[in-house]
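The values are calculated or read from the model by the stated rules, or taken from the named source; none is laboratory data. Bear in mind that the values here come from a model prediction, so they are computed numbers and not experimental data. Note: ideal-geometry Cβ built from the backbone for every residue, glycine included; neighbour counts use all protein chains shown. Ligands, DNA and RNA are excluded from the accessible area calculation, which covers all protein heavy atoms including side chains. Shrake-Rupley method; radii C 1.70, N 1.55, O 1.52, S 1.80 Å.
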2 protein chains.
Amino acid sequence: MSEQLIKHFARFVEIKEADVPAILSYFQPIRLAKKESLLSEGSICTSNYFVVKGCLRLFFVNEKGVEQTIQFAIENWWLTDYLAFQNQQPSNFYIQGVEKTEVLAISFSAQEQLFQQFPHLERYFRLIYQKAYGASQVRIKFLYDYSREELYQNFAASYPQFIQRIPQYLLASFLGFTPEYLSELRKKKRA
Amino acid sequence: MSEQLIKHFARFVEIKEADVPAILSYFQPIRLAKKESLLSEGSICTSNYFVVKGCLRLFFVNEKGVEQTIQFAIENWWLTDYLAFQNQQPSNFYIQGVEKTEVLAISFSAQEQLFQQFPHLERYFRLIYQKAYGASQVRIKFLYDYSREELYQNFAASYPQFIQRIPQYLLASFLGFTPEYLSELRKKKRA
């Protein structure tokens, strides 16, 4: 399970074989059942999560009590509530397994120790966050610029494997649709 | 002008006095007139920009030819199109001075050299991006969750200095309003 994380590090920075056990000692493996939670609104956001297998989602519950998904993370993606993580404060979000999911968790204090012992891993996370932040700029552009239908078409073209994998009601929530509207769009696309 | 950047680095990482000239040698000062551009759609996004004085905005031009602002950056903020910068590709965005603005620019290749010579600056950028990415998660939540009026109230409460400083038509564009709707909201608030 942990080999995959080391492989992902090694795509961006050099990892010496001898350092692997020390690096991994900062991470804790967690196995989640479908719909099991890693983080709940109001709880301190203690950890950052690397998805080894499966899929996580980040969502909030709006005033009407409806769950609104704003992010998914599949294999090799990191997910947490980054402001709450950085400040070690209560989160406004939930993180839950979409399916049976395996993650490697690193707590805030363990992450600081990891960086002290292996400062070159700062580069790995700098690159990961730079890319994630860049992707969020593009996403915000889409939220301003695209109609709901265009959002769906763009998402389906960019992430075809997601469309197959994610339950329809979660995909609808992510795109800000009702499940009925999404079902109409899909029929339209097939027609 | 460059002292401010060093001070900002020093908030997050240790900077030795003796290293300052070498660090600064990677940056190029640029003075922008109001509405002068740093980046245009279709151009390679060569550089990352630190605002010393003034204000930048990131925007795109939609199908109707309307400028849609999605980000502002004032003193001590960094701004670029991060995906286009990381990939050294043409941007879908424009970056322009909102007012007379002074920035320090670092090109992609200069940034790589800076990290080679001063690897501990990776930590500075890791922290900056982690925070910016976290803020974008919260922003995406607001875009899903808030009515237009709530977006304005939240923005006015969080960034009162912005409301004073940014021209009304740009603020309206940022919030996805017409200038007329923003003017109504402001009257309502004063009433």
Subject >> For residue B:89, inter-copy label distances in nm, listed shortest first [label point 7 Å out on the Cα-Cβ vector] >> reply: 3.4
Subject >> Accessible area in square angstrom per residue, the protein assembly as shown, 1.4 angstrom probe >> reply: 48
Subject >> Averaged over B:118-131, number of beta-carbon atoms from partner chains that fall within 10 Å >> reply: 6
Original post:
If you count, for every residue in A:50-60, the Cβ atoms of partner chains within 10 Å of its Cβ, what is the mean?
Top reply: 1
Subject >> Ordering of A:8-16, A:172-180 by burial proxy (mean other Cβ atoms within 10 Å per residue, highest first) >> reply: A:172-180, A:8-16
Original post:
Can you flag which of B:7/B:188; A:188/B:131; A:7/A:35; B:53/B:131; B:7/B:131 are past 30 Å Cα-Cα?
Top reply: B:7/B:188; A:188/B:131
Subject >> Surface/4 estimate of mean projected area, convex hull on alpha-carbon atoms of chain B, nm² >> reply: 11.5
Original post:
Got a sec? Which residues in the range A:5-25 would a label at residue A:53 touch, if it sits 7 Å along Cα→Cβ and we count backbone N under 18 Å?
Top reply: A:5-8
**OP:** Provide an ascending nm list, one decimal, of label-point separations from residue A:67 to the equivalent residue in each further copy; define each label point as 7 Å from Cα along Cα→Cβ.
**Re:** 4.3
Original post:
Any idea what diffusion coefficient the protein assembly as shown gets from Stokes-Einstein, in µm²/s, Kirkwood Rh on alpha carbon pairs, 25 °C, 0.890 mPa s?
Top reply: 110
Subject >> Rg and Dmax of the range A:59-102, Cα atoms only, in Å >> reply: 11.7, 33
Original post:
Taking all protein chains as present, what is the carbon and sulfur share of the accessible area of the protein assembly as shown, in % to the nearest whole number, probe 1.4 Å?
Top reply: 50
Original post:
Ranked highest first by average number of other Cβ atoms within 10 Å, how do B:81-89, B:50-58, B:38-46 line up?
Top reply: B:50-58, B:81-89, B:38-46
**OP:** Starting from a label point 7 Å past Cα on the Cβ side, list the distances from residue B:2 to the same position in the other copies, nm, shortest first.
**Re:** 4.4
**OP:** Using a Gaussian network model of chain B whose springs link C-alpha atoms within less than 10 Å, name the residue from B:74, B:95, B:30 with the highest mean-square fluctuation.
**Re:** B:30
Original post:
In peptide A:81-88, what is the residue-averaged number of other protein chain Cβ atoms found within 10 Å of each Cβ?
Top reply: 4
**OP:** Return the value, in Å² to the nearest 100, of accessible area buried between chains B and A (probe 1.4 Å, both sides summed).
**Re:** 4000
